[in-house]
Amino acid sequence: RRIRLYEILLLSLGGFLDFIADIKDPLGIYSNYYKNFYGYIPNRWKKQNFYRLVKNQIDNKTIKKIKNGENEYLKITNKGLRKINQKFYIYSLRKIPWDGVWRVIIFDIQEIRKTLRNSFRRLLKNLGFGQLQKSVWISPYPVFENINKFIEDNKFSNEVIIFETTKLSLANKDVIKNAWRIDSLKKSYIETYKELFKIKNIIKVKNTSSLSKDFKRLHKKLLDLLFNDPQLPTKLLPKDWPKNKTLRLLRELIFYFKNNL
């Protein structure tokens, strides 16, 4: 999934990227630290001027400046939240307890409508669906309203079957493993955690900022992992799911580098 810089800005200000430290104080965006760390690759911030990015979003009315005494900070608007929810809807659902219902979609769109088929697949992925089989997609989230609108607008209801069920022939753990390939994601989280832990151990005994380059790389890697994470309900994840402890360690190191660069 390609993530644009303005989307990272809106997601962060909206509180959806809760692994970023001091998100409740968006004034930090203006600091040199956030110019380097607030997004994908630091060099891209140089190519696309950060202040211009902010100005464009203010002009588009997706964010606004708020004054509090002598301080000035950014706040996402209702328009900005709607824009983010359209593309990253599952981020607003991830903290809702699972209701035990699976949403299943089966479709067979002809090759002659390949563009429509690809657009529908992208929509399903954006809504957090996993591909259980070739044309069978599944999700634990109540997102049929978004899908039904797309189907009605593109007039292909005869080529899609949609239903909900609380029972499947597969165990939930097998559904998760097959539809979202979480074994690979889990491995990547663990590898990232180990690399971050190495940095933590080094800075414990030696106060140095020379590790900032490695940390930036891991910061970006973890951001990439989060955007490819299906954001499944906690109840469906393995008990030893490593995402949260990796994010906690990242926050700890963010605090260190923010104060020692």
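Couple of notes before you dig in:
- The stretch 54-128 - accessible surface per residue (Å², probe 1.4 Å): 61
- For the stretch 54-127, trypsin sites (Lys or Arg not before Pro) meeting the loop criterion (DSSP other than H, G, I, E, B) and having at most 12 other Cβ atoms within 10 Å: Lys61, Lys95.
- Surface exposure of the stretch 177-261, expressed per residue as accessible area with a 1.4 Å probe, stands at 57 Å².
- Based on C-alpha pairs under 8 angstrom that are at least 6 apart in sequence, the stretch 154-261 has a relative contact order of 41 percent.
- Label-point separation in nm, Asn78 to Ser210, each point 7 Å along Cα→Cβ: 5.4
- Between Ser135 and Lys61, the FRET efficiency from the beta-carbon distance, with R0 = 51 Å, is close to 0.80.
- Nitroxide proxy distance, nm - points 7 Å out along Cα→Cβ at Asp240 and Arg121: 3.4
- Largest first, the three principal axis extents of the alpha carbons in the stretch 134-183 are 36, 21, 17 Å in whole numbers.
- Straight-distance crosslink candidates among lysines, where the alpha carbon sits under 23 Å from Lys173 and sequence neighbours closer than 8 are dropped: Lys95, Lys125, Lys134, Lys186, Lys187, Lys235, Lys239, Lys243, Lys245
- Shape of the stretch 55-125, Cα gyration tensor, a/c cut at 1.5: oblate
The values are calculated or read from the model by the stated rules, or taken from the named source; none is laboratory data. Everything numeric here is computed off the predicted structure, so don't read it as measured data. Glycine gets a Cβ as well: all are built from the backbone with ideal geometry, and neighbour counts include every protein chain shown. Note: accessible area is taken over every heavy atom of the protein model, side chains too, but ligands, DNA and RNA are not part of it. Shrake-Rupley method; radii C 1.70, N 1.55, O 1.52, S 1.80 Å.
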